[in-house]
Amino acid sequence: MTAALSPSRAADFKQCPLLYRFRVVDRIPSAPSPAAARGTLVHAVLERVFDLAAEQRTPEAAVALLPAAWAALVEEEPELATMIADHETLDEDGWFGQAGALIEKWFGLEDPTRLEPAERELYVETTVDIDDEDGLVLRGYVDRLDVAATGAMRVVDYKTGRSPHERFEAKALFQMKFYGLVLWRTRGRIPALLQLVYLGDGEVVRYVPDERDLLALERNLKALWAAIDRAASTGDWRPSPSRLCDWCDYRDLCPAWGGTPPPLPVDAAARAVDPAVTGALQVTDE
């Protein structure tokens with residue numbers, strides 16, 4: 001059986017083992033939210049804008065891509081249209097207006113007429129050695145990968161929320177270092193730059209990784225996996241209460257808040273060690 005981790009699921013377990021269980025083992029879907037859906041829509045447009053010729057990549061042209069991108073998302077998940085229609089303060093004009101404002105903000109942070117990404121929505125995967133002979137698969141999706149003529153790589157991720165306080169930057173960079181590690185292992189070169197683009201407040205966070213950083217992360221992920229494996233073997237998915245509980249979709253099921261988790265599925269241990277790569281709505285960070 002293949003052991004696998006994505007940055008989102010690794011972050012879930014680090015935040016709260018019971019959250020990991022609800023998402024990966026019980027497979028209880030998160031309720032779609034306007035914020036997550038808006039983030040996915042904006043990501044889709046920022047991917048498609050590079051299909052245009054460089055001189056055509058204007059804010060107006062990018063905003064004009066919104067209806068078609070939204071129609072494609074609704075075709076995949078029809079409940080999104082119902083969610084927006086039922087939202088008390090949101091109609092379609094307001095919906096596109098909010099997404100359009102974020103897209104226009106991006107044009108003030110980067111100039112797409114001067115960019116030709118090597119990859120967009122790039123699936124990356126590598127396997128690192130662990131005690132299990134099959135190893136641990138690390139996998140996920142990179143929003144954008146820029147590669148210079150020299151071969152230097154810049155990993156770019158879009159966030160539709162606001163940039164974190166300095167105290168929480170390390171948590172935000174965890175995902176980027178994860179991608180940096182996978183790219184290093186698959187391409188033999190450490191990315192020159194990890195870049196988080198926050199559209200909510202127009203901030204850009206840049207980080208230059210080195211070998212020591214990525215080796216430390218690899219050790220951290222192996223230790224994290226060992227903890228997940230123990231939880232899977234024992235069925236001990238204890239909660240880790242924090243201020244983040246206020247935003248948790250599963251709070252009503254959490255014993256830390258008086259709830260009762262559902263019985264573990266009969267194949268709980270197998271589910272725990274091979275989580276699927278998460279869909280865009282679940283991994284888009286606000």
Practice problem: Could you tell me which residue of the stretch 45-82 is nearest to Val142 (Cα to Cα), considering only residues that are buried (at least 19 other Cβ atoms within 10 Å of the Cβ) and touching a residue at least 60 places away in the same chain (Cβ under 8 Å)? | Solution: Leu46
Quiz item: Is it true that Ser8 is of a type in the set (Ser, Thr, Tyr) and part of a loop (DSSP other than H, G, I, E, B)?
Solution: no
Quiz prompt | Residue among Val63, Val49 that alone is under 22 Å from the mean Cα position of the chain (by Cα), at pLDDT 95 or above and either among the β-branched types (Val, Ile, Thr) or within 16 Å of Leu199 (Cα to Cα) (or both) | solution = Val49
Quiz item: Could you say whether any residue in the stretch 126-134 is assigned to a strand (DSSP E or B) and under 19 Å from the mean Cα position of the chain (by Cα)?
Solution: yes
Quiz item: Pro32 passes all but one of (1) part of a helix (DSSP H, G or I); (2) closer than 30 Å to Cys245 by Cα; which number fails?
Solution: (1)
Quiz item: How about the stretch 161-204: which of its residues are of a type in the set (Gly, Ala, Ser) and surrounded by fewer than 22 Cβ atoms within 10 Å (Cβ to Cβ)?
Solution: Gly161, Ser163, Ala170, Ala172, Gly188, Ala192, Gly200, Gly202
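The values are calculated or read from the model by the stated rules, or taken from the named source; none is laboratory data. Predicted model, so just to flag it, every value in this text is computed and none were measured. Because the Cβ atoms are built from the backbone with ideal geometry, glycine has one as well, and the counts that use them run over all protein chains shown.
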